[in-house]
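Enquirer: First the structure, then my questions, so here it is.
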Amino acid sequence: MEEYGLQNKAQEIAEKISGVETPVLGFVLGSGWGGVVEALQDCRRFAYKEIGLSECGVAGHAGNLVFGKLCNVPVVIQQGRFHLYEGREVFETVLPIAVMKELGVRSVVLTNAAGGLNPSFQVGDLMFLTDHINFSGKNPLTGLHPTDKYPVFVDMTKVYDAEMTNLLALAAERAGVRSQRGVYMQVPGPSFETPAEILAFQKLGADAVGMSTVCEAIFARYLHLRVAGMSCITNLGAGMEEKEIRHEDVLQQSLQREKKFCALLQEFAKIYS
Ligand code: HPA
């Protein structure tokens, strides 16, 4: 990580955080998922600005690193993420993952809002990621100096941890959330896809498409973290429905499900501990 100084940066940020219990689990909250922090006990919020992370520029993304207990499990929540479409460098989009690692996290749950490409999916479904297609045009490991502990030729055969995913699926069932499994594709955005692109992505084997998560998952695997991913299907891919796709509707759809997703993550914490 020397080339980018990413590890140093992550250490500097981690040192600014004190008085919190070592988190074992990290969550990255995507569009509309931010309310989950309300369920934390002994909550401590660090604004990104306060600890040296840059501010979030996207509607629906607050900029806080939040610590607390979720059903007695010490967690850290990245409330608001950084996207390539904001013009960020890829290392900036994964820096909070490096901070979580520095803080002692072993597993991360990455959440997002996504367009459904699989015709059997309905708006409001939750999709657990079984695999991904990196169509972002970037790789967060580009230019990193390989070390014995952190080689850069990271195996991507099983990015998403089956055991964590099964626990999340059980938690979804307990919280009454309809869930699916599938392949997530990250595109750079910020424009949504054309109908021709959606057809092409379906043929490539994607079940959902969005503008985040994959680079974070790659970086988390590089750091030997266990990873699970979930998408709230907020709309169907372009051309699969009559109506146009609007960012406000995407937010609205995932916000509507905030309470259920919160219950799901609480159920997950109960069985994870
Ligand atoms: N495409 C890309 N990203 C998205 C979508 C979509 O349809 N919905 C939510 N995020």
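The values are calculated or read from the model by the stated rules, or taken from the named source; none is laboratory data. What you are looking at is a predicted structure, and each value in this text was computed from that prediction instead of being measured. Don't worry about glycine lacking a Cβ; one is built from the backbone with ideal geometry, like all the others, and counts go over all protein chains shown. Remember, those area values only see protein heavy atoms, side chains included, never the ligands or the DNA or RNA. Shrake-Rupley method; radii C 1.70, N 1.55, O 1.52, S 1.80 Å.
Enquirer: For the stretch 217-248, how many residues meet the condition of being acidic (D, E), away from the ligand (no atom under 13 Å from the Cβ) and within 21 Å of H83 (Cα to Cα)? First the steps, then the outcome.
Expert: Pass one, the stretch 217-248, residues acidic (D, E): 241-242, 244, 248.
Now narrow it down to the ones that are away from the ligand (no atom under 13 Å from the Cβ): 242.
With within 21 Å of H83 (Cα to Cα) added as a condition, the list becomes none.
Residues that pass the stated criteria total 0.
Enquirer: What is the number of the single condition among (1) within 16 Å of the ligand (Cβ to nearest atom); (2) modelled with pLDDT of 90 or more; (3) not polar (S, T, N, Q) that M100 does not meet?
Expert: So M100 meets the others, but not (1).
Enquirer: Then there's this: When you scan the stretch 226-267, how many residues do you find that are more than 30 Å from G104 (Cα to Cα), in contact with a helix residue (DSSP H, G or I) (Cβ under 7 Å, 6 or more places away or on another chain) and buried (at least 24 other Cβ atoms within 10 Å of the Cβ)?
Expert: Residues flagged as more than 30 Å from G104 (Cα to Cα), in contact with a helix residue (DSSP H, G or I) (Cβ under 7 Å, 6 or more places away or on another chain) and buried (at least 24 other Cβ atoms within 10 Å of the Cβ) within the stretch 226-267 amount to 2.
Enquirer: Please pick out the residue among V214, V187, V209 that is closer than 30 Å to L6 by Cβ, out of contact with any Leu (no Cβ under 7 Å at 6 or more places or on another chain) and within 11 Å of the ligand (Cβ to nearest atom). Don't jump to the end; show me each part of the working.
Expert: Values: V214 fails: within 11 Å of the ligand (Cβ to nearest atom); V209 fails: out of contact with any Leu (no Cβ under 7 Å at 6 or more places or on another chain).
Going through V214, V187, V209 in turn, the sole match is V187.
Enquirer: Which numbered condition in (1) under 27 Å from E258 (Cβ atoms); (2) β-branched (V, I, T); (3) free of Cβ contacts under 8 Å to residues at least 40 places away in the same chain is the only one that T130 fails?
Expert: For T130, the failing item is (3).
Enquirer: Going through the stretch 70-93 one residue at a time, which ones are farther than 16 Å from Y48 by Cα, among the hydrophobic types (A, V, I, L, M, F, W, C) and part of a strand (DSSP E or B)?
Expert: Selection gives L70, V73, V75.
Enquirer: Another question, if that's okay. Could you tell me how many of the residues in the stretch 96-138 are in contact with a Lys or Arg (Cβ under 9 Å, 6 or more places away or on another chain), open to solvent by 10 Å² or more (accessible area, probe 1.4 Å) and not in a loop (DSSP other than H, G, I, E, B)?
Expert: The qualifying residues number 2.
Enquirer: Can you tell me which residue within the stretch 181-225, out of those that are at positive phi and surrounded by fewer than 21 Cβ atoms within 10 Å (Cβ to Cβ), is farthest from the chain's Cα centre (by Cα)?
Expert: Here the answer is G205.
Enquirer: Would you check if there is a residue in the stretch 47-69 being surrounded by 18 or more Cβ atoms within 10 Å (Cβ to Cβ) and within 20 Å of D161 (Cβ to Cβ)?
Expert: No: zero hits.
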